[in-house]
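A short worksheet on the structure shown next.
Laboratory data are not the source of any read-out in this text; all were calculated from the coordinates shown. Treat the numbers as computed from the prediction; the structure is a model and nothing was measured. No Cβ is skipped: glycine too gets one built from the backbone with ideal geometry, and neighbour counts run over all protein chains shown.
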Amino acid sequence: MYYCFPIELKKVISESKLDNFIYFDERKDCFLNRNKKKVNIEGNKILVISDIFRLYDMLDLIDDFNGIPINTMEDIETVKHWASFIEPYHRDMSIVTGKDFEDLSFLTYLFEKYGVNGSIFLKTVDKDFHGTVSIIDIVDPDSPFRKAMKYHLSDEFMISPVVTIDEDDLGKKEYRAFVHNRTITSISRPLHKTYHRIPNEVVDFINAVIAELPNDFPDYFVLDIASINRQLDILEFNPIETAMPYLYNSRVAAISEDLTHQNITAIPKYKAHKCSFECEESPSSPLFDDIPGSFSHDYHQALTGENKLHPSLSYLFEKKFIKRKQ
Ligand SMILES: Nc1ncnc2c1ncn2[C@@H]1O[C@H](COP(=O)(O)OP(=O)(O)OP(=O)(O)O)[C@@H](O)[C@H]1O
Ligand SMILES: [Mg+2]
């Protein structure tokens, strides 16, 4: 198997210098490995590693050169729509469209389920926004939420009750597992610099989730779980292609022999140094990604009047996307 990344992301993909990591060279119109040797991907399995902006171009390239993507575009869509295949154990999760928020019977259902003073946790399937929205704002046709939603009637949203995630000294008890071929390969808390261990029950829980997956669900994905009211539950699934690896995570398919980090300081060489037992400040993930045309951008604008550009997009405008020579 090869791991194929867009050359522009070389610096942020910490594994990029490992064996089997390849990138596309536009000038030479071929794939190269870390020694700049040409690699023929025809008939080989390829795990694309990318950001969301370049993912589909990368999949097209693999197709052009007759490589076999680990996940097809349909597989990636299935992982993004995981809540249609798998139910969390202790809370409801459903996928709705923007149109539903114009539908009186759906609004009545939300009002009755969550109450006039209630809220829901809402995020876009495309992952540009997550946050808590009050029922008052959802049912008010003139609220910023509903104004923004008018431009996103066909977009898909995941809704669930707002929960409180249990915490300890290192912050929220959340765990990210990379799963290759339905086997856990690594687990980490969402920390980049802080040594920590993983409770055995986390491994058992993730294995139980994997064992119950429907047959038509892809075999390669990233699973986030959390402890909520002292019970483990599924937080979400993410495409393995675009998910960020934390301190003990790796995108490589090799199974870690120490999933719970008993050898707590054994971090692969290519990982950033300066790790410690002191808890790092975990930068909270942005609620709004401000990608033009996204729900996040329009909701942010409706709420604040601001109109700003997502930082990774300003970078993209300087560079053109990977394109094959015609
Ligand atoms: N139902 C919920 N209620 C309250 N907080 C939640 C809920 N679900 C998730 N969270 C918190 O919000 C964070 C983001 O949620 P989630 O990962 O599901 O969305 P996302 O769009 O994938 O965001 P990110 O890209 O930051 O991972 C989670 O890490 C968790 O801490
Ligand atoms: Mg997430």
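What to note about this one:
- Helix axis angle, 52-64 relative to the chain longest principal axis, alpha carbon, degrees: 50 degrees
- Charge tally around S186: other residues with Cβ under 14 Å, Lys/Arg +1 each, Asp/Glu -1 each, net +1.
- Charged side chains reduced to their Cβ positions (Lys and Arg at +1, Asp and Glu at -1) give the stretch 1-99 a dipole of some 520 debye around its Cα centre.
- When the charge dipole of the chain is built from unit charges on Cβ atoms (+1 for Lys and Arg, -1 for Asp and Glu) and taken about the Cα centre, the candidate among M73, I135, F106 whose Cα reaches farthest toward its positive end is M73.
- Acute angle (nearest 10 degrees) that the helix 295-304 long axis makes with the longest principal axis of the chain, alpha-carbon atoms: 50 degrees
- Radius 13 Å from Cβ of T265, net charge of other residues (Lys, Arg +1; Asp, Glu -1): +4
- Listed residue pairs exceeding 31 Å between alpha carbons, taken from K11/K99; K28/K193; K17/K127; K113/K193; K11/K150: K11/K99; K28/K193; K113/K193; K11/K150
- Spin-label proximity, L18 to the stretch 213-252 - amide N less than 20 Å from point 7 Å beyond Cα toward beta carbon: 219-224, 238-252
- Taking every alpha-carbon pair under 8 Å whose residues sit at least 6 apart, the stretch 1-86 reaches a relative contact order of 25 percent.
- Rounded to 10°, Cα long-axis angle of helix 104-114 versus longest principal axis of the chain: 90 degrees
- Mean separation of Cα contacts under 8 Å, 6 or more apart, over the residue count of the chain: relative contact order %: 18 percent
- Of the peptides 14-26, 244-256, 206-218, the ranking by mean beta-carbon count within 10 Å, highest at the top, reads 244-256, 14-26, 206-218.
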